[in-house]
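The structure under discussion appears below in the form of structure tokens.
The values are calculated or read from the model by the stated rules, or taken from the named source; none is laboratory data. What you see is a predicted model, and the numbers here were worked out from it, not measured in a lab. All Cβ positions, even for glycine, are placed from backbone atoms using ideal geometry, and neighbour counts span all protein chains on display.
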Amino acid sequence: MAEDTSKAGKDSNRSAEEAALSARLQRLGERLGQQAESRKVGAGPPQQDAGQNASALARGFRLSTELVAGVLVGAAIGWALDWWLGISPWGMIVFLLLGFAAGVVNVIRAAGISTGPGSGH
């Protein structure tokens, strides 16, 4: 008989704990729902975000291409002068550095930091 009363006590205790847990889970679900709704209202349309990310990615590719193109053109001119004049490796070294400088200037112009010589920036 003592077992029956202890089982009944445990069952009632367990059901009270389950009820409290269920109530807590329900309150948590409501709070999460409110948070999700407020984020939907505060955020812009998802396509606008995707468009901004694509635009930033395109700008990054453009800027990196400007730098790489300057270095490659400088290296090509330096290699051609080395081959034609037989001054290896000086033409390559000088024009590689000039190509790098030209690439950096192109990146600065493309990024909108400076517009060119005499602009005051």
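Scan the stretch 35-44 and tell me whether some residue there is at negative phi, modelled with pLDDT of 85 or more and in a helix (DSSP H, G or I). Checking the stretch 35-44: at least one residue is at negative phi, modelled with pLDDT of 85 or more and in a helix (DSSP H, G or I). Of all residues in the stretch 76-93, those satisfying the criterion of being assigned to a helix (DSSP H, G or I) and surrounded by fewer than 16 Cβ atoms within 10 Å (Cβ to Cβ) are Ala76, Ala80, Trp83, Trp84, Leu85, Trp90, Ile93. In the set (1) modelled with pLDDT of 80 or more; (2) exposed (fewer than 12 other Cβ atoms within 10 Å of the Cβ), Asn53 fails one condition alone, (1).
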